[in-house]
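S.K.: First the structure, which I've put down as structure tokens, then a few questions once you've had a look.
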């Protein structure tokens with residue numbers, strides 16, 4: 001029998017229970033995966049609280065890395081012993097082993113570790129679509145990144161700097177400001193001491209930023225709009241502080257004919273071939289040292305509830321990884 005952290009119903013971390021689960025032999029097109037490292041993400045919190053409803057009981061988790069234990073009929077791209085990683089295509093990662101479609105798995109290069117791969121896939125592919133597809137960042141542009149010392153934020157800083165952008169990052173402490181600076185952020189702003197939009201205007205000599213990447217939501221939304229130059233884009237890709245309340249759309253016009261989008265990674269990786277290619281490119285950049293996952297803490301899979309508490313408290317920087 002395998003073990004898993006099972007969500008018995010929507011609610012707090014106490015709803016996560018350690019249970020034995022049956023993982024049968026893989027069917028056609030499937031792989032049985034022994035998981036070695038599991039990534040934690042804020043979407044797991046959204047699933048746990050019921051903001052994104054699931055059918056219960058449910059196993060949370062959107063990304064992990066592991067070793068192929070068995071392959072089902074028709075699987076030719078993988079074999080027993082292959083190291084692979086994945087993200088998305090439904091929750092189920094909080095387990096020591098699972099069945100998953102072979103087409104969702106991306107081989108891990110030799111120079112990338114399992115923990116790094118598990119910490120990179122969701123956050124790294126998020127950074128990739130935000131910077132290269134949602135708003136294609138070009139050299140010389142100014143980007144503002146909220147939660148710049150978080151898992152996605154650090155990768156956004158690294159990648160935006162690699163693309164030649166001027167990177168401004170909002171963080172909640174001086175320690176996080178130093179961490180962001182070490183990862184490509186040109187101008188860290190401690191939002192507990194300074195108003196972010198005012199500092200952005202100062203840095204840009206009043207012009208404003210080309211794009212704001214905001215995963216915080218309610219607490220930062222209006223100030224994010226005030227960071228932008230005319231025709232700038234607000235990319236709201238998360239709501240860690242709560243839902244953004246309804247607002248008058250004419251506000252976008254009055255602030256400079258601004259663009260607003262609320263994208264989801266799952267739509268950008270819905271095409272399996274494109275997803276696998278994006279994952280390959282992401283891991284290649286990690287192997288070259290262009291991108292590096294900052295793993296703040298490692299906890300055992302049994303400690304998933306504690307990992308959720310840490311994530312919600314904003315007490316972490318970078319990524320959390322669970323190990324079975």
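The values are calculated or read from the model by the stated rules, or taken from the named source; none is laboratory data. Please read these numbers as outputs of a predicted model, since none were measured by experiment. When we count neighbours, we look across all protein chains shown, and the Cβ atoms used for this are built from the backbone with ideal geometry, even at glycine.
S.K.: Hey, can you tell me all the residues within region 261-285 that are within 27 Å of residue 225 (Cα to Cα), in a loop (DSSP other than H, G, I, E, B) and touching a helix residue (DSSP H, G or I) at 6+ places or on another chain (Cβ under 6 Å)?
M.R.: 263 - this is the single residue of region 261-285 that is within 27 Å of residue 225 (Cα to Cα), in a loop (DSSP other than H, G, I, E, B) and touching a helix residue (DSSP H, G or I) at 6+ places or on another chain (Cβ under 6 Å).
Residues are listed down the side, and each one gets a yes or a no for (1) crowded, with 24+ Cβ neighbours inside 10 Å; (2) under 17 Å from residue 307 (Cα atoms); (3) touching a residue at least 24 places away in the same chain (Cβ under 8 Å):
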{"position": "50", "(1), (2), (3)": "no, no, yes"}
{"position": "61", "(1), (2), (3)": "yes, yes, yes"}
{"position": "67", "(1), (2), (3)": "no, no, yes"}
{"position": "74", "(1), (2), (3)": "no, no, yes"}
{"position": "78", "(1), (2), (3)": "no, no, yes"}
{"position": "82", "(1), (2), (3)": "no, no, yes"}
{"position": "85", "(1), (2), (3)": "yes, no, yes"}
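S.K.: While we're looking at this one, here's another question. Sort through 148, 117 and tell me the only one that's modelled with pLDDT of 95 or more and in the same structural domain as residue 226 (by TED's automatic domain parsing).
M.R.: One residue alone meets the criteria, 148.
S.K.: From the list 208, 256, 169, 232, which one is on the phi > 0 side of the Ramachandran plot, surrounded by 20 or more Cβ atoms within 10 Å (Cβ to Cβ) and in contact with a strand residue (DSSP E or B) (Cβ under 8 Å, 6 or more places away or on another chain)?
M.R.: That would be 208, the only listed residue that is on the phi > 0 side of the Ramachandran plot, surrounded by 20 or more Cβ atoms within 10 Å (Cβ to Cβ) and in contact with a strand residue (DSSP E or B) (Cβ under 8 Å, 6 or more places away or on another chain).
S.K.: Next question. Take residues that are touching a helix residue (DSSP H, G or I) at 6+ places or on another chain (Cβ under 8 Å) and tell me which of the strands (runs of 3 or more DSSP E) falling wholly in region 60-111 contain 2 or more.
M.R.: 63-71, 83-87
S.K.: Does residue 96 satisfy being in contact (Cβ under 8 Å) with a residue 60 or more places away in the chain, closer than 19 Å to residue 281 by Cα and under 26 Å from the mean Cα position of the chain (by Cα)?
M.R.: Spelling it out, it is not the case that residue 96 is in contact (Cβ under 8 Å) with a residue 60 or more places away in the chain, closer than 19 Å to residue 281 by Cα and under 26 Å from the mean Cα position of the chain (by Cα).
S.K.: Regarding residue 45, is this residue assigned to a strand (DSSP E or B) and in contact with a helix residue (DSSP H, G or I) (Cβ under 7 Å, 6 or more places away or on another chain)?
M.R.: No, not satisfied.
Matching residues to (1) more than 27 Å from residue 308 (Cβ to Cβ); (2) modelled with pLDDT of 95 or more:
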position: 157; (1), (2): no, yes
position: 218; (1), (2): no, no
position: 232; (1), (2): yes, yes
position: 243; (1), (2): no, no
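S.K.: Okay, next question. Those residues that are touching a helix residue (DSSP H, G or I) at 6+ places or on another chain (Cβ under 9 Å) and assigned to a helix (DSSP H, G or I), I need them from region 183-209; list them, please.
M.R.: Residues satisfying the conditions are 196, 197, 198, 200, 201.
Matching residues to (1) closer than 15 Å to residue 35 by Cβ; (2) outside the structural domain of residue 47 (by TED's automatic domain parsing); (3) surrounded by fewer than 23 Cβ atoms within 10 Å (Cβ to Cβ):
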{"residue": "88", "(1), (2), (3)": "no, no, yes"}
{"residue": "93", "(1), (2), (3)": "yes, no, no"}
{"residue": "102", "(1), (2), (3)": "no, no, yes"}
{"residue": "126", "(1), (2), (3)": "no, yes, no"}
{"residue": "132", "(1), (2), (3)": "no, yes, yes"}
{"residue": "142", "(1), (2), (3)": "no, yes, no"}
{"residue": "175", "(1), (2), (3)": "no, yes, yes"}
